[in-house]
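The values are calculated or read from the model by the stated rules, or taken from the named source; none is laboratory data. Because the structure is predicted, anything quoted here is derived from the model rather than measured. Backbone-built Cβ (ideal geometry, glycine too); neighbour counts: all protein chains shown. Just the protein is used for accessible areas: all its heavy atoms, side chains included, with ligands, DNA and RNA removed. Shrake-Rupley method; radii C 1.70, N 1.55, O 1.52, S 1.80 Å.
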Amino acid sequence: MERIHVNDSELVSRYIQNGDEHAFETLVRRYKSKVYTTIYLIVKDTYVAEDLLQDTFVKAVDVLRSGKYNDEGKFLPWVLRIAHNMAIDNFRREKRYPNIVFEDGSSVFNTLDFAEDSIEEMQIKNETHNHLRDLIKRLPDSQREVLVMRHYEDMSFQEIADATGVSINTALGRMRYALINLRKMMSKNSPSYDTNLYAE
Amino acid sequence: MIQTFTQNDVIRYVYEETSEEENLLIQDALVHDTEMLEFYLDLVDLKIGLDASYREPSSRTVDNILAYSRNFDSKHQTSA
C-alpha cells in the first residue's frame, strides 16, 4: 500500500531519468486492475487478458526506456490506449477464428491446460462483481465498447465519438442502451422481466 | 422557459461531463421528474457496481512485468 501518494508524472520521470524500479512498480500496482479489467471486458478470456496485460506493460517499458515517451505526464490514458489497441486487435483476430468460451471467461483450451484454476474461478463466480462482469460481456459489441471506454478507460463521450467515428449522440445512445440493458439483465428475477436486449 | 433534459443528459451528469450551469438545472429537474430521478438513481447504483467490478491479474503476471523492467538494460546491452 502506498503511504505517500506521488503523482504519475513524478513516478514516470523518476523511472525514465533514474531507472527507479520502485517508481515503475508503484505505477504498475496502482493501475494493474484497471488496465486488466479493461482488457478482460474486451477479450472476454482471463488468460488472454493476463497475456495482453503483460504485453501492454512490456510495450510501455520499451517506450519509456527508449526515451520515446511523450505524453505530458498522462500515464494512465496512454497505457489504457496501448491496452485497448492490443485487446481490440486480439478480439478481431479471435472473431475470425472463434474459440469456445465458458461462462467464467476462460477458453476450452485454457481450461484443459489449467483445470485447477478453472475450479477456483467457479468458486468465486457467484460474487456480485463477477456477475456484473458476466453481464457486461453479454452486451452487444458496440454497447460494450462504449461502456468500457467511458467507465474503465475514462474517455469522454466526445473522445469516444471521435475514436469510433460516430456522433456524440450515437455514443451517448449506445451508453444509454448498455446501462438500460445491464439493469434489465440484473433484474431478471422480476416477473415483468423482458429478456430482449435493446439494440441501438 | 422550461428546459427539458434527456436520459443522455443525465448520463453526462453522472459521468461529470456537464457544466456547472447544466448541473444546477439537472438537479432541479430531478426533483420534479420522478421517472428521471429513478433513472438517475439506477445509474448511480450501476456506476457503483461497475466501480466494484475491477478484477485483479495474477501475481505471476505482475512479477513478469516487473522482472522485464528490471532486466531491460542487461537484455538490451546483450542484444546490441
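Tabulated values for the structure
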{"read-out": "Residue-normalised accessible area of chain B, given per residue in Å² at a 1.4 Å probe", "value": "65"}
{"read-out": "R0 of 30 Å, Cβ-Cβ distance A:Ser167-A:Asp134: FRET efficiency to nearest 0.05", "value": "0.50"}
{"read-out": "For A:57-64, mean number of other protein chain Cβ atoms within 10 Å", "value": "3"}
{"read-out": "Under the Karplus curve 6.51 cos²θ - 1.76 cosθ + 1.60, θ = phi - 60°, whole-Hz ³J(HN,Hα) for the range B:21-30, x wherever Gly or Pro sits", "value": "5, 5, 4, 4, 5, 5, 4, 5, 5, 5"}
{"read-out": "Inter-probe distance in nm under a simple model that places probes 7 Å from Cα toward Cβ, at B:Ser59 and A:Ser66", "value": "3.3"}
{"read-out": "A:Val58-A:Ile88 pseudo-label distance in nm [points 7 Å out on the Cα-to-Cβ vector]", "value": "2.2"}
{"read-out": "Per-pair calculated FRET efficiency, R0 = 45 Å: B:Ala52 and A:Glu21 via Cβ, rounded to 0.05", "value": "0.90"}
{"read-out": "Isotropically averaged projected area of the range B:7-79, using the convex hull of Cα atoms (one quarter of hull area), nm²", "value": "8.4"}
{"read-out": "Simple label model, 7 Å out from Cα along Cβ direction - B:Asp28 to A:Ser33, nm", "value": "4.0"}
{"read-out": "Square roots of 5 times each gyration tensor eigenvalue, C-alpha, the range A:128-190, largest first, Å", "value": "23, 12, 8"}
{"read-out": "Members of A:Lys32/A:Lys68; A:Lys74/A:Lys184; A:Lys137/B:Lys75; A:Lys44/A:Lys184; A:Lys74/A:Lys137; A:Lys59/A:Lys137 lying beyond 31 Å, as alpha-carbon distances in this model show", "value": "A:Lys74/A:Lys184; A:Lys137/B:Lys75"}
{"read-out": "Cα centroid of the range A:141-174 to Cα centroid of the range A:9-75, whole Å", "value": "23"}
{"read-out": "Average beta carbon contacts from partner chains per residue of A:83-90, 10 Å cutoff", "value": "0"}
